[in-house]
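Okay, structure first, notes after.
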Amino acid sequence: MCGIVGVIGRANASECLIDGLRRLEYRGYDSAGIATLVDGAIGRRRAPGKIVNLVERLRIEPLGGTVGIGHTRWATHGVPNEANAHPHASSKVAVVHNGIIENFQQLRAELEAKGHTFSSDTDTEVVVHLVTDYLDQGLPAEGAAFEAIRRLEGAFALAIMMAPNPDMLVGARKGPPLAVGYGDGEMYLGSDALALAPMTNRIAYLEDGDWVVITRNGATIRNQTGEVVHRKIVQSSVSGALAGKGEYRHFMLKEIFEQPQVLGDTLRTHYNPAEQSISLAQMPFDLRAIDRVTTVACGTAYYAGLVAKYWIEMLAKVPVDADVGSEFRYREPPLSPNGLGLFVSQSGETADTLVPLRYCKSKGQKILSVVNVPESTIARESDAVLPTQAGPEIGVASTKAFTTQLMALACLAINFGKVRGTIDAAAEARLSSALLSVPSRVADVLHLDAHIKHIAEELAEARDVLYLGRGSSYPIALEGALKLKEISYIHAEGYAAGEMKHGPIALIDENVPVVVIAPSDFLFDKSLSNLEQVIARGGRVILISDEQGVKRAGRLASHSICLPTVDPFVVPIIASIPVQLLAYHTAVLRGTDVDQPRNLAKSVTVE
Ligand code: G6P
């Protein structure tokens, strides 16, 4: 959620920290700050808002030093002002933190009773005072940090800098990720390999409960009982180059337009052109033995999981339960002994998805994940991974990550049906060929951009918008509504079209646009009836369909977005594009911060 970076080296720490923070801004942008050691004392610069504000602060008041820690914040405890910005510090200790310290109130009361004065509303500041307290009791720096870490409950990735010992930094992980970067006479800590990419590609990932001491020459990693452990140093493939917007006004628009390319890249990963068939990477378990699938994810990725439910049930005839991670994890559902846990995540770090993964693993489920970041925790903890090839997605609202998840899941569904014998060779050929056509059909839809922009003018005026869909278009209705909410701040609801009459129909009047996703498939007549129900109540319909559907709806729809006619199987991918563009243009018309919408973060590593 928040982003952490730390450096102990030879060069100017501030520059390196800012470089790392820029790459971590996707984790939150409520405030940013750095602290370094200058002549044995802690120097600190912090600023509310985005990293540019911190950079401006540093331009006026530069900060020297070769050791430092930095942070970009997504607020959990305490409003996003300068006082609550990390690093938090005493005269001896500075700390940056990602996560939530659940016992902070109790620790704070204890430390305040001992005379410690707090200057923020955050949970993090207790770590500063705890470490300071142990240093004051005479513990050496490493021991003080270890004792403090042992007292913390909740979830944390921490970087701790101590003035009495300027030749080391301490990092710790329980929950949110933390990576150690190995340089030449320099060492680093970072929330992920991306943060450290310009400095090094030699990375070791801490495991849960690990803590680490880094010096200029190396790292000593210990587990929670204090034993020295070895964590493999891997060669990260993450590029150090910062992605640019190119000719586009926003990253989101660029990423929407990249979809033909990245969908093709993802399909190529799972398709064997020589055999003209879907060919998934070797799985360390037999898909044929799977009798139930549980798919768990959050946000947009959950909707990808929901589409997979329709696809897998239809093609493999295996029941699929789809759930959001935050509900699944505390329900502790009973699972089939031959079950598959299917986890979908762009970042591969979402806490609400990771914990269910571990639960499923502990219950003997086979674990398969669809992730965009191959080195992420979810990828590393899975039995098998179906990678998406979306590349770095910078816009907080997910677009190309979502459709590439759908592509990977479509390949899984076909393969699943094939190995279980529930689809024959002809069906496999038809479905694969439908997938092969997706990149160019998506490119066709992108040509409708100007028309969709025009329709967005109507949405931009609305206070509420309804999105309706049936079958595998239902999750796309949910995704369309989420996209609109996230970036335009207009209230929107996605509903199964048939459910509208059971409640949301009460909302319909001439001021509530209704976006109906209704391809001309076997459910079209049903959707048409729902559309009539909207019209009968004075509602205005924006229809997303194909040529036949648009023709059949005739003048019922106020506006139509006519998609190319494709196999119904791939409609969810194709129909994702207009809902993304509708949300994008509406947000631009409303003047919101499209790439970094308020209150959101791209990777959420807290509950
Ligand atoms: C956050 C983002 C969403 C994203 C969700 C899941 O809430 O704002 O856009 O869909 O996390 O993220 P993941 O990385 O697991 O796909």
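Below is a table of values for the structure above.
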quantity	calculated
Looking only at the range 480-504, and only at residues there that are away from the ligand (no atom under 16 Å from the Cβ) and hydrophobic (A, V, I, L, M, F, W, C), the one that is farthest from LEU468 (Cα to Cα)	ILE490
Verdict on GLN282 being more than 24 Å from PRO439 (Cβ to Cβ), over 25 Å from the mean Cα position of the chain (by Cα) and at pLDDT below 95	yes
Any hit, the range 371-383, residues being touching a helix residue (DSSP H, G or I) at 6+ places or on another chain (Cβ under 7 Å), acidic (Asp, Glu), surrounded by fewer than 23 Cβ atoms within 10 Å (Cβ to Cβ) and outside any helix (DSSP H, G or I)	yes
Number of the exception - GLN548 against (1) modelled with pLDDT of 90 or more; (2) closer than 15 Å to ALA477 by Cα; (3) among the polar types (S, T, N, Q); (4) over 32 Å from the mean Cα position of the chain (by Cα)	(2)
Selection from the range 552-593 of residues that are modelled with pLDDT under 95 and either buried (at least 24 other Cβ atoms within 10 Å of the Cβ) or assigned to a helix (DSSP H, G or I) (or both)	ARG552, ALA553, GLY554, ARG555, LEU556
Filter result for the condition that a residue is within 15 Å of SER472 (Cα to Cα), within 16 Å of the ligand (Cβ to nearest atom) and modelled with pLDDT of 95 or more, over MET407, MET314	MET407
Members of the range 144-175 found to be touching a Phe, Trp or Tyr at 6+ places or on another chain (Cβ under 7 Å) and either without any contact (Cβ under 8 Å) to a residue 12 or more places away in the chain or not in a strand (DSSP E or B) (or both), listed by number	ALA144, PHE146, GLU147, ALA148, ILE149, GLY175
Residue that is farthest from GLN580 (Cα to Cα) [pool: residues in the range 250-282 that are buried (at least 22 other Cβ atoms within 10 Å of the Cβ) and in contact with a Phe, Trp or Tyr (Cβ under 7 Å, 6 or more places away or on another chain)]	ILE278
Flag if LYS551 is of a type in the set (D, E, K, R) and within 18 Å of TYR303 (Cα to Cα)	no
Conditions (1) crowded, with 23+ Cβ neighbours inside 10 Å; (2) of a type in the set (S, T, N, Q); (3) under 26 Å from ALA587 (Cβ atoms): number failed by ASN530	(3)
Selection status of ILE455, modelled with pLDDT of 95 or more, over 28 Å from LEU267 (Cβ atoms) and either within 15 Å of the ligand (Cβ to nearest atom) or more than 26 Å from the chain's Cα centre (by Cα) (or both)	yes
Evaluation of LEU386 against (1) within 27 Å of LEU178 (Cβ to Cβ); (2) more than 13 Å from the ligand (Cβ to nearest atom); (3) out of contact with any Ser or Thr (no Cβ under 9 Å at 6 or more places or on another chain) (one fails), failing number	(3)
Residue that is modelled with the highest pLDDT, among those in the range 207-245 that are in a loop (DSSP other than H, G, I, E, B) and under 24 Å from ARG10 (Cα atoms)	ARG216
Pick from the range 18-66, criterion crowded, with 24+ Cβ neighbours inside 10 Å and among the β-branched types (Val, Ile, Thr), ranking: farthest from MET168 (Cα to Cα)	ILE34
Some residue of the range 513-531 being within 16 Å of the ligand (Cβ to nearest atom) and among the polar types (S, T, N, Q)	no
Residue check for VAL296: hydrophobic (A, V, I, L, M, F, W, C), within 16 Å of the ligand (Cβ to nearest atom), more than 20 Å from GLU486 (Cβ to Cβ) and touching an Asp or Glu at 6+ places or on another chain (Cβ under 7 Å)	yes
Filter pass, GLN548 being surrounded by fewer than 22 Cβ atoms within 10 Å (Cβ to Cβ) and polar (S, T, N, Q)	yes
SER603 being within 16 Å of the ligand (Cβ to nearest atom), within 30 Å of the chain's Cα centre (by Cα), buried (at least 21 other Cβ atoms within 10 Å of the Cβ) and among the hydroxyl-bearing types (Ser, Thr, Tyr)	yes
LYS418 being in a helix (DSSP H, G or I), under 23 Å from GLU255 (Cα atoms) and not aliphatic (A, V, I, L, M)	no
GLN346 being surrounded by fewer than 24 Cβ atoms within 10 Å (Cβ to Cβ) and among the polar types (S, T, N, Q)	no
Selection count, the range 339-368, where residues are near the ligand (Cβ under 10 Å from one of its atoms) and outside any loop (DSSP other than H, G, I, E, B)	7
Which listed residue, of ALA434, ALA443, ALA462, is farther than 30 Å from ASN272 by Cβ and either within 16 Å of the ligand (Cβ to nearest atom) or in contact (Cβ under 8 Å) with a residue 40 or more places away in the chain (or both)	ALA462
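The values are calculated or read from the model by the stated rules, or taken from the named source; none is laboratory data. Because the structure is a prediction, the values reported are computed rather than measured. Neighbour counts run over all protein chains shown; Cβ positions are idealised from the backbone, glycine included.
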